[in-house]
1. So which pairs qualify, if the first residue must be in the stretch 147-166 and in contact (Cβ under 8 Å) with a residue 12 or more places away in the chain, the second must be β-branched (Val, Ile, Thr), the Cβ gap must be under 8 Å, and the two must be at least 6 apart or on different chains?
2. Against the definition (of a type in the set (S, T, N, Q) and either in contact (Cβ under 8 Å) with a residue 60 or more places away in the chain or touching a strand residue (DSSP E or B) at 6+ places or on another chain (Cβ under 7 Å) (or both)), how does THR143 come out, yes or no?
3. Within the stretch 92-127, can you find the residues that are more than 23 Å from VAL140 (Cα to Cα) and outside any loop (DSSP other than H, G, I, E, B)?
4. Residues in the stretch 64-77: is at least one at pLDDT below 95 and of a type in the set (A, V, I, L, M, F, W, C)?
5. Of everything in the stretch 65-91, what is of a type outside the set (Gly, Ala, Ser) and in a helix (DSSP H, G or I)? Give them in sequence order.
6. Here are some conditions: (1) touching a residue at least 24 places away in the same chain (Cβ under 8 Å); (2) in contact with a Phe, Trp or Tyr (Cβ under 6 Å, 6 or more places away or on another chain). SER40 meets all but one. Which one does it not meet?
Amino acid sequence: MPAPLSPFTPFQVALLAWADDLGRDLPWRRTRDPWAVLVSELMLQQTQVVRVVPRYRAFLGRFPTPAACAAAPVGEVVRAWAGLGYNRRAVHLHAASTVLVERFGGRLPATLDELRSLPGVGPYTARAVLAFAHEADVGVLDTNAARVLARVAGRRLAPGEAQALAGSVVPPGTGWS
C-alpha cells in the first residue's frame with residue numbers, strides 16, 4: 001500500500017521539518033497565554049534571546065497579567081525591563097496593558113485589527129500573538145522570513161505581497177508551530 005500523500009506542499013513540509021529540527025526550547029514556546037506571548041515578542045525586538053530569557057521570567061513574575069502591569073507606575077515597568085535596552089518598548093507595553101484593561105477587560109483580543117490598535121504592536125507582533133497564543137494560521141513575517149520568501153519566489157517582493165505569500169504558505173493547523 002502506498003504511503004498517504006501529505007496535504008502540504010514540499011515547501012511546507014521542508015519548513016515544518018526545519019522548525020522541528022532547529023527550533024529551540026524557549027519558555028515562550030511553551031505557553032499559549034497571549035500576555036506572555038506579547039511580552040516575549042516585545043522583549044525579543046532587537047535583543048538577543050540569551051538576554052531575554054531571564055528578564056522574561058522575572059518580568060512575568062512581577063507582571064503576570066495586563067492588569068498587574070497597568071496598575072504599576074510606568075517607571076516600575078521600565079525598571080523591570082532593565083537590561084533589555086530600548087526602554088520605549090517597556091513604555092509601550094505599559095500603555096498597551098492600560099488599553100487592554102480599559103477596552104478589553106484585561107484580555108488580549110484575538111483579531112489582527114484590535115491587536116494592531118495596541119500601542120507598540122505592529123503587523124509582525126500582532127500576527128505573532130495570533131499565531132503563537134491563539135493558534136491562528138497566519139503568516140508571521142519578519143525580515144528573515146521575507147528574505148526566504150523572496151528567494152523562493154525568485155524576485156523581490158513588495159511588503160504586502162510578501163505578507164500575502166507568507167499567509168498562503170502556512171500549513172493549515174500549524175500556524176503556532
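The values are calculated or read from the model by the stated rules, or taken from the named source; none is laboratory data. Predicted model only: the values in this text are computed from it and were never measured. Note: ideal-geometry Cβ built from the backbone for every residue, glycine included; neighbour counts use all protein chains shown.
1. LEU149/VAL169; ALA166/VAL140
2. No: the conditions fail for THR143.
3. Listed by number, the residues that qualify are HIS94, ALA95, THR98, VAL99, VAL101, GLU102, ARG103, PHE104.
4. So the first thing to find is which residues in the stretch 64-77 are at pLDDT below 95, and the list is none.
No, the stretch 64-77 contains no residue that is at pLDDT below 95 and of a type in the set (A, V, I, L, M, F, W, C).
5. Result: PRO66, CYS69, VAL74, GLU76, VAL77, VAL78, ARG79, ARG88, ARG89, VAL91.
6. Result: SER40 fails condition (1) only.
To keep it simple, each residue is scored yes or no on (1) touching a Leu at 6+ places or on another chain (Cβ under 9 Å); (2) within 22 Å of ASP33 (Cα to Cα); (3) assigned to a loop (DSSP other than H, G, I, E, B); (4) not aromatic (Phe, Trp, Tyr).
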| site | (1), (2), (3), (4) |
| --- | --- |
| PHE132 | no, yes, no, no |
| ALA136 | yes, yes, yes, yes |
| ALA150 | yes, no, no, yes |
| LEU165 | yes, no, no, yes |
